[in-house]
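Accompanying notes for the structure given below.
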Amino acid sequence: MKSILYMISGILFGLFVAAVVWLVAQNPRGDAVTLRPVPTEKPIVVYITGAVPRPGVYALPDGARVQDVISAAGGFLAEAQKEGINLARLLEDGEQLDIPYTEGFSPVIPTAIPELVQPSTDLININTASAGELDSLPGIGAKTAQKIIEYRTQNGPFIAIEDIINVSGVGPGTFERIKDLITVGP
C-alpha cells in the first residue's frame, strides 16, 4: 500500500513539474512594452556680449542663470564692471546679455579696414621686465604686474608668451591685447 502511495505522489509531483515547465516555456501574451526616450527640455539660447573673452550665442539648459552663460563665455574680463550684475537671475530664451566695461575703458573693436601700425622693435621681455614695464602693457595694472613677477619667481621663466595666461588676472582677452608687445627673450 505504501508503494502505491509513493507512486501516486511521484506521478502528481511529475505532473506539477510538467505544468510549471509548460507555463514557463509559453510565449508571452499581450502587447510588447515599448520604451520611449526620456523627454528632454528644449534648451534656451542666449546671446552674450561685452566684457567676456568669447562673446556669442550659447545654448543652455532651461533654468540656467546669468552665471552659467558668463562661465560658458569664459568668465569676466579684467575690465568688466561686475557690480550691478545679478549672477543668480534666471535667463530667458532669446535674451541678450551685455556685460559692461569699467567706466573709462574702451574695448578694441575690429574694423573692416585694418589700421596701419608701425611694428615696434621694443618688445617687453616678461621674464626680465620690471613691474613698471609690465604695468605699461594694456590691461596690466600694478597688481597684475606684481602677480606676473611672483609667478615667474615661483615657477621659473615663461617658456612661451602664451604661458602668461596662467597668471591670475591675465585672461584670454588681455593676452590678445598684449601678445604683439611681449616676448620671452631670445
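The values are calculated or read from the model by the stated rules, or taken from the named source; none is laboratory data. Note that the structure is predicted; figures quoted are calculated from it, not measured. Backbone-built Cβ (ideal geometry, glycine too); neighbour counts: all protein chains shown. Areas reflect the complete protein model, heavy atoms only, side chains present, ligands, DNA and RNA absent. Shrake-Rupley method; radii C 1.70, N 1.55, O 1.52, S 1.80 Å.
Quick look at the values:
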{"quantity": "Selected residue [outside any loop (DSSP other than H, G, I, E, B) and modelled with pLDDT under 90] from Gly132, Gly139, Gly104", "calculated": "Gly132"}
{"quantity": "Whichever residue in region 47-71 is out of contact with any Leu (no Cβ under 9 Å at 6 or more places or on another chain) and closer than 20 Å to Arg177 by Cα and, among such residues, is most open to solvent (accessible area, probe 1.4 Å)", "calculated": "Arg54"}
{"quantity": "Hits in region 23-74 - residues which are of a type outside the set (D, E, K, R) and in a helix (DSSP H, G or I)", "calculated": "Leu23, Val24, Ala25, Val66, Gln67, Val69, Ile70, Ser71, Ala72"}
{"quantity": "Count of region 142-178 residues which are outside any helix (DSSP H, G or I) and within 20 Å of Ala80 (Cβ to Cβ)", "calculated": "5"}
